[in-house]
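> Below is one structure. I have some questions about it.
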Amino acid sequence: MSNHNDATLELQKLQSEVMQQLEIIADDITAGRLGADEGAARAKALIATSEQQRVAMFNAAISASQRQRRRGWLFASMVVIAIAMVVVGLLLARIGTA
């Protein structure tokens, strides 16, 4: 659960940083410190970079979830095998005393 919260916080942080940077670009264009074409190019580059980061975060979260699921299945399998071994042991003990 904490992995999900961490991923959510990281995504929110990324989105906040992108919005702040886009606001700075818009302010620079408005103030005449940056041309519209150059500002648009910077904004597009910023959005493309943030999209790549978002996809990387998403893929990392999926991988972590898959690892956790595999561990869960492995643990469940181990429990089933352990129970089966106990039952077989009890049956063999009963057969041996019969």
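> Which residue is farthest from Gln52 (Cα to Cα), if the candidates are limited to segment 15-33 and must be among the hydrophobic types (A, V, I, L, M, F, W, C) and in a helix (DSSP H, G or I)?
Applying the filter and picking the extreme gives Ile29.
> Next up: Which residue, of Glu17, Glu10, is out of contact with any His (no Cβ under 9 Å at 6 or more places or on another chain), modelled with pLDDT under 90 and surrounded by 13 or more Cβ atoms within 10 Å (Cβ to Cβ)? It would help to see each step written out before you state the result.
Values: Glu17 fails: modelled with pLDDT under 90.
Testing whether each residue is out of contact with any His (no Cβ under 9 Å at 6 or more places or on another chain), modelled with pLDDT under 90 and surrounded by 13 or more Cβ atoms within 10 Å (Cβ to Cβ) leaves just Glu10.
> Quick check on this structure: which one of Ile83, Ile24, Ile95, Ile29 is more than 28 Å from Asn5 (Cα to Cα) and at pLDDT 95 or above?
On inspection, the qualifying residue turns out to be Ile24.
> Tell me which residues, restricted to segment 18-48, are within 30 Å of Gln66 (Cα to Cα) and free of Cβ contacts under 8 Å to residues at least 12 places away in the same chain.
The answer is Ala48, and nothing else.
> Ala64 - would you say it is of a type in the set (A, V, I, L, M) and modelled with pLDDT under 90? Even if it seems obvious, please write down each step before you answer.
Values: of a type in the set (A, V, I, L, M): yes; modelled with pLDDT under 90: yes.
In short, yes.
The values are calculated or read from the model by the stated rules, or taken from the named source; none is laboratory data. Here the structure is a predicted model, which is why all the values come from computation and not from measurement. Every residue, glycine as well, gets a Cβ built from its backbone with ideal geometry; the counts of neighbours run over all protein chains shown.
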